[in-house]
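The values are calculated or read from the model by the stated rules, or taken from the named source; none is laboratory data. Just so we're clear, the structure is a prediction, and the values are computed from it rather than from any experiment. Every residue, glycine among them, receives a Cβ derived from its backbone with ideal geometry; neighbour counts consider all protein chains shown.
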Amino acid sequence: MSDKENTQERIHKLRELINHHNYRYYVLDSPELSDVEYDELMQELRQMEAERPELVTPDSPTQRVGAQPLEAFGVVEHPLPLLSLANAFDYQELQAWHKRISGLLPGENWDFVAELKMDGLAVALVYEDGRFVSGATRGDGFRGEDISQNLRTIRSIPLALVDRDAPRRFEVRGEVFLTRSGFKKLNEERAAGGQPLFANPRNAAAGSVRQLDPRITAGRPLDIYIYGLGWAEGGAIPLTHWETMEFLKSLGFKINPHNRRLDALEEVEEYHRSWVEHRRELEYDTDGIVVKVNPLALHDRLGSVGREPRWAIAYKFPATQATTRLLDIQVNVGRTGSLNPFAILEPVHVGGVTLRQAALHNLDDIARKDIRRGDTVIVQRAGEVIPEVVGPVLSLRTGRELPVDEDREVLERFQTCPSCGARTIRPEDEVMYRCPNAACPAQAHRRLEHFVSRGAMDIEGVGTQLCAALLASGLVVDVADLYKLSKEQLLTLERMAEKSASNVLASIAASKDRPLARLLFALGILHVGDEMAQLLASHFCSLNRLAQATEEELNAIPGVGPKIAQSVVAFFRGESNKEILRKLKEVGVRMEDEAAAEARSLPLDGLEFVVTGRLAAFPRSQAEARIKELGGNVSDNVSRMTTYLVIGEGSGSKLERARALGTKILTEEEFLRLIQ
Ligand code: IVH
């Protein structure tokens, strides 16, 4: 094939793909690609067409943007088109944009407004004489759909404006979105009702706004931020974007409180950087920031290129989603014996790393999301969380993929443990298959890895590979064997030198003195995470005491549920666990919490005090602090629970009540003697 034919074929393919995704996005409101991926396709096509202008045809997606609006809603012409934004993906590209516009505005100085780029759906709202009259989707930018009835149901859209000097007629623009919690709740309801789930909050918002029945829309927790003034007639408007936002806010519109007016491009960079770090703390999805030139007079002078204004740019966040092929579904074994399915992926770049595997939580979840081997899937990687498969791209199915509950080869993999071959079990109330073999090598490996890990015994220098080598050599069978290792034994392992062996032994020895909560967590008791371990440690202060606790006793502790109580009791009943604990004790691993044990034996432990009136020796607050230091409780009111009422000068009603209840009363002198 000649070069020319090759290029032509790729251009053709790209157009097909883009048209398809345009349709999904603009007509069906159900995009399959993230913005970033779509942008990449468009970029590739633009570039190829720029290199071969003779191949550009009028029907290329580069020559028009968007597809036909649905016929079911009325069509609205936008008097002023809703433009889109050019993208910058790094600081250099942002600087290049700044340089370009600076070149067009010689001698000018201006400031910026930086805003979050909401990942929702753009709408235009028209107001007349202070009232909401109509609202429309963006559509193809020139013509959208009349969704007034649905928009009326969004509570953050004002129907009547605060009485100020608003222009007689004007249009505002903003982004309708769903919060993450609203999205989660909506999907939970849909799952319960057996309806298909929305892939992300954006799809859910778009789907909700474009309901033909506004009553359905009204039931969806939609929200909006207004980010611009479109056109205005019959009234004055401010001279800058920032003041316009302030003005709109004063009229009753919802404006994002994170918007900032900034003077220098470095500050814009800092704003972006800070949101890359913190955006997951927001209640809604964002995919970048939007940087806008503040003075509106400059907007007119800068104008636009194609459908992108020069006065604004989207400065994107690193991608968190991508699509790729799911090559296989495999299974590994966790430390509690759970069989965890995971996806083998065709390698794909997401936000700077290459993904080859991703989590698939359990078989039920795979079936519910209808993820199949051979599917093109959306994968997601956000922050510190393990990358996961979000769902399949249905339109790219060939028809040969088997649903997982018919995929014998995959189902087989859940029937026996991939490590020891034991027949798995699936407890009635659980979604996980488990390997019941306590001596399963994979479980032993996971347990050892967990035991030495950072939040647990934190044994530096002992990682996954050393764990595997220790188990394989037979030097370590259970976690307690770590503490019996000798240098000579370590030196028999591959890649282990004098120095590193000494270091390993030192960090193992140091771990003997970890607080009880760490040890409890490290033991890997089913359902006992680090917080539960803390709770149990502070309650029992001793491993021995915890080991003797009954289910009832455990259940009575606030925060401990029956599942945890059961699993704790079962753990300490297990013969092999008893043996491990005996060995750990023998080698001198700490099993008591001295700090907490001390607290138990403090002099005022279990006593409740009320202090009233003015004390001579020190302020009341100091007296109360001292009581707490000594293990006592302090309360404001005298009750039957009160052990002592401490009276200073001018004690009133509390003294009367204490007398009525027969509470012991301490003078200041008596109190001082007690606390000494
Ligand atoms: S300003 C001409 N500001 O991003 C500038 N847009 O690709 C018009 N968006 O469809 C947009 N947050 O729906 C602007 N703070 C924000 C935005 C924002 C989200 C969306 C908007 C538009 C798309 C542009």
>> So Glu243 passes all but one of these: (1) away from the ligand (no atom under 14 Å from the Cβ); (2) touching a residue at least 12 places away in the same chain (Cβ under 8 Å). Which condition number does it fail?
In response: (2)
>> Here is a list: Glu128, Glu171, Glu175, Glu145. Which entry is crowded, with 18+ Cβ neighbours inside 10 Å and farther than 25 Å from Leu116 by Cα?
In response: Glu145
> Is segment 127-150 home to any residue that is within 16 Å of the ligand (Cβ to nearest atom), in contact with a helix residue (DSSP H, G or I) (Cβ under 8 Å, 6 or more places away or on another chain), among the charged types (D, E, K, R) and closer than 25 Å to Asp300 by Cα?
Replying inline: yes
>> Quick test of your reading of the structure: Val290 fulfils all but one of (1) in contact with a helix residue (DSSP H, G or I) (Cβ under 6 Å, 6 or more places away or on another chain); (2) within 11 Å of the ligand (Cβ to nearest atom); (3) among the aliphatic types (A, V, I, L, M). Name the failing condition by number.
In response: (1)
> When residues of segment 631-656 are filtered for being over 18 Å from Gln676 (Cα atoms) and of a type in the set (Phe, Trp, Tyr), how many remain?
Replying inline: 0
>> Cβ-Cβ under 6 Å, sequence separation 6+ or interchain: first residue in segment 288-302 and among the charged types (D, E, K, R), partner near the ligand (Cβ under 8 Å from one of its atoms). Which pairs?
In response: Lys292/Ala312
> Do you know which of the residues in segment 283-298 that are in a loop (DSSP other than H, G, I, E, B) and within 18 Å of Ser34 (Cβ to Cβ) is modelled with the highest pLDDT?
Replying inline: Tyr284
> So which pairs qualify, if the first residue must be in segment 445-470 and without any contact (Cβ under 8 Å) to a residue 24 or more places away in the chain, the second must be in a loop (DSSP other than H, G, I, E, B), the Cβ gap must be under 7 Å, and the two must be at least 6 apart or on different chains?
Replying inline: Leu470/Val476
> List, please: which pairs have Cβ atoms under 9 Å, are six or more places apart or on different chains, and start with a residue in segment 90-118 that is without any contact (Cβ under 8 Å) to a residue 12 or more places away in the chain and among the aromatic types (Phe, Trp, Tyr) and end with one that is in a loop (DSSP other than H, G, I, E, B) and within 16 Å of the ligand (Cβ to nearest atom)?
Replying inline: none
> If you check every pair at least six apart or on different chains, which have Cβ atoms under 6 Å apart with a residue in segment 264-276 that is closer than 9 Å to Ile289 by Cβ first and a residue that is of a type in the set (Val, Ile, Thr) second?
Replying inline: Val268/Val291; His272/Ile289
> How many residues does segment 504-516 hold that are surrounded by 20 or more Cβ atoms within 10 Å (Cβ to Cβ) and within 32 Å of the chain's Cα centre (by Cα)?
Replying inline: 1
> Since Val431 meets every condition but one in (1) closer than 30 Å to Leu520 by Cβ; (2) of a type in the set (Val, Ile, Thr); (3) at pLDDT 95 or above, which condition does it not meet?
Replying inline: (3)
> Got a sec? Which strands (runs of 3 or more DSSP E) wholly within segment 311-416 have at least 1 residues that are more than 30 Å from Ala114 (Cα to Cα) and among the aromatic types (Phe, Trp, Tyr)?
Replying inline: 339-350
> Name the residues in segment 28-66 that are within 30 Å of Val389 (Cα to Cα), modelled with pLDDT under 75 and away from the ligand (no atom under 16 Å from the Cβ), would you?
Replying inline: Leu28, Ser30
> Just one of the numbered conditions (1) surrounded by fewer than 19 Cβ atoms within 10 Å (Cβ to Cβ); (2) charged (D, E, K, R); (3) in contact with a helix residue (DSSP H, G or I) (Cβ under 8 Å, 6 or more places away or on another chain) is not true of Asp375; which one?
Replying inline: (1)
> Out of the residues in segment 297-322 that are surrounded by 19 or more Cβ atoms within 10 Å (Cβ to Cβ) and over 18 Å from Glu269 (Cα atoms), which is farthest from the ligand (Cβ to nearest atom)?
Replying inline: Ala322
>> I'd like the full set of residues that are within 35 Å of the chain's Cα centre (by Cα) and within 13 Å of Gly230 (Cα to Cα), limited to segment 122-146.
In response: Ala122, Val123, Ala124, Leu125, Gly135, Ala136, Arg138, Gly141
> Could you list, in sequence order, the residues of segment 632-653 that are under 18 Å from Glu670 (Cα atoms), not β-branched (Val, Ile, Thr) and not in a strand (DSSP E or B)?
Replying inline: Gly632, Gly648, Gly650, Ser651
>> Looking at segment 208-219, can you tell me whether even one residue there is within 16 Å of the ligand (Cβ to nearest atom), within 21 Å of Glu171 (Cα to Cα) and touching a Phe, Trp or Tyr at 6+ places or on another chain (Cβ under 9 Å)?
In response: yes
> Does Val385 satisfy being surrounded by fewer than 20 Cβ atoms within 10 Å (Cβ to Cβ) and out of contact with any strand residue (DSSP E or B) (no Cβ under 8 Å at 6 or more places or on another chain)?
Replying inline: yes
>> With the requirement that a residue be more than 16 Å from the ligand (Cβ to nearest atom) and in a loop (DSSP other than H, G, I, E, B), what does segment 88-123 give you?
In response: Asp90, Leu105, Pro106, Gly107, Glu108, Asn109, Trp110, Asp111
> Among (1) assigned to a strand (DSSP E or B); (2) surrounded by fewer than 21 Cβ atoms within 10 Å (Cβ to Cβ); (3) within 13 Å of the ligand (Cβ to nearest atom); (4) not acidic (Asp, Glu), where does Leu85 come up short?
Replying inline: (1)
> Say we look at segment 299-350 and pick out the residues that are small (Gly, Ala, Ser) and closer than 30 Å to Ala86 by Cβ; which of these is farthest from the chain's Cα centre (by Cα)?
Replying inline: Gly303
>> Give me the helices (runs of 4 or more DSSP H) completely within segment 560-630, filtered to those with at least 1 residues that are under 30 Å from Leu655 (Cβ atoms) and among the β-branched types (Val, Ile, Thr), ordered by residue number.
In response: 620-629
> Inside segment 547-576, can you point out the residues that are among the small types (Gly, Ala, Ser) and surrounded by 15 or more Cβ atoms within 10 Å (Cβ to Cβ)?
Replying inline: Ala547, Ala549, Ala565, Ser567
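Matching residues to (1) crowded, with 20+ Cβ neighbours inside 10 Å; (2) without any contact (Cβ under 8 Å) to a residue 40 or more places away in the chain:
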{"site": "Pro201", "(1), (2)": "yes, no"}
{"site": "Ala206", "(1), (2)": "yes, no"}
{"site": "Val209", "(1), (2)": "yes, no"}
{"site": "Leu212", "(1), (2)": "no, no"}
{"site": "Gly219", "(1), (2)": "no, yes"}
{"site": "Asp223", "(1), (2)": "yes, no"}
{"site": "Trp231", "(1), (2)": "no, no"}
{"site": "Ile237", "(1), (2)": "no, no"}
>> Of the residues Arg368, Arg408, Arg356, Arg400, only one is touching a strand residue (DSSP E or B) at 6+ places or on another chain (Cβ under 6 Å), surrounded by fewer than 20 Cβ atoms within 10 Å (Cβ to Cβ) and farther than 25 Å from Leu523 by Cβ; which?
In response: Arg356
> Quick check, is Gly474 over 19 Å from Leu584 (Cβ atoms) and surrounded by 14 or more Cβ atoms within 10 Å (Cβ to Cβ)?
Replying inline: no
> All but one of (1) crowded, with 20+ Cβ neighbours inside 10 Å; (2) under 25 Å from the mean Cα position of the chain (by Cα) hold for Pro196; which doesn't?
Replying inline: (1)
